Amino acid sequence: MVEIKIFGKYDTNVEVKDPGLKSVINLKPLFVPQTYGRHASTRFAKSNVNIVERFMNKLMSPGHKGKKHWRTSEFCTGKSQTVYNITKKTFEIIEKQTKQNPVEVLVRAVENAAPRDEVTVIEIGGIRVPKQVDTSPQRRVDLALRWLTQGAFQAVADKKVPIEKGLANEIIAASKEDPKSFAISKKTEVERQAAASR
């Protein structure tokens, strides 16, 4: 029997250590992480999508970041084949640098970069008050993936560095909880604001 591995190389038998994210980080084995949006019409169904595919989808549209959104969007073509090749090369760089399974490194990066709480604004008698709220597990993963991709795009925007290298550096730094990682620094900032609004 043929063992199913992502890109034919990487095992998805990885333990999710964060108990809050176990239900939303999907590690179902796939040869090609591409389901062509079969989940798109069902609410909350993206939790059933493999985490590597969710990462690839976020690469196509990482979201705007302030007024310099073109800097984080200029690499995004929206083509699944382009994103597939970028992800494959990124995983090869991660494997070469860390000697670990890149899927496991990605999962650790998502766990470390996922914020536990954030700030919302509620209105009390016409006064807008910031209030700390717990972040849902699915949103935690979404924010972690967004910050990982935005941090990588931002790091290579003004330099002659391939995006694969930027992504690999960002994922490795986040997996080690390195404060130099954009995703880790953003998570720390959000949680500090939430703590101040309790």
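Any residue at all in the range 117-130 that's closer than 23 Å to LEU21 by Cβ and crowded, with 19+ Cβ neighbours inside 10 Å? Working first, answer last.
Keep residues of the range 117-130 that are closer than 23 Å to LEU21 by Cβ, which gives 117-120.
Filter once more, so that each one left must be crowded, with 19+ Cβ neighbours inside 10 Å: none.
No; the residues of the range 117-130 include none that is closer than 23 Å to LEU21 by Cβ and crowded, with 19+ Cβ neighbours inside 10 Å.
As an exercise: evaluate PHE75 against (1) aromatic (Phe, Trp, Tyr); (2) buried (at least 18 other Cβ atoms within 10 Å of the Cβ); (3) at pLDDT 85 or above and give the number of the one condition it does not meet.
(3)
Filter the range 144-158 down to the residues that are surrounded by fewer than 24 Cβ atoms within 10 Å (Cβ to Cβ), under 14 Å from ALA109 (Cβ atoms) and modelled with pLDDT under 90 and list them by number.
Residue satisfying the conditions is GLN150 alone.
Quick check, is GLN138 touching a residue at least 24 places away in the same chain (Cβ under 8 Å), surrounded by fewer than 19 Cβ atoms within 10 Å (Cβ to Cβ) and part of a helix (DSSP H, G or I)? Quick ask: steps written out before the conclusion?
Values: touching a residue at least 24 places away in the same chain (Cβ under 8 Å): yes; surrounded by fewer than 19 Cβ atoms within 10 Å (Cβ to Cβ): yes; part of a helix (DSSP H, G or I): yes.
Taking the combined requirement at face value, the residue satisfies it.
Quick one: is GLY126 modelled with pLDDT under 90 and within 18 Å of SER61 (Cβ to Cβ)?
no
Here is a yes/no grid of residues against (1) at pLDDT below 90; (2) in contact with a Phe, Trp or Tyr (Cβ under 8 Å, 6 or more places away or on another chain); (3) under 25 Å from VAL83 (Cα atoms); (4) not in a helix (DSSP H, G or I):
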position: GLU118; (1), (2), (3), (4): no, no, no, yes
position: LYS160; (1), (2), (3), (4): yes, no, yes, yes
position: LYS165; (1), (2), (3), (4): no, no, yes, no
position: GLU177; (1), (2), (3), (4): no, no, no, yes
position: SER185; (1), (2), (3), (4): no, no, no, no
position: GLU189; (1), (2), (3), (4): no, no, no, no
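In the range 1-25, which residue that is over 18 Å from TYR84 (Cβ atoms), touching a residue at least 12 places away in the same chain (Cβ under 8 Å) and not in a loop (DSSP other than H, G, I, E, B) is farthest from the chain's Cα centre (by Cα)?
Of everything passing the filter in the range 1-25, GLY20 is farthest from the chain's Cα centre (by Cα).
The values are calculated or read from the model by the stated rules, or taken from the named source; none is laboratory data. Predicted model, so just to flag it, every value in this text is computed and none were measured. Glycine gets a Cβ as well: all are built from the backbone with ideal geometry, and neighbour counts include every protein chain shown.
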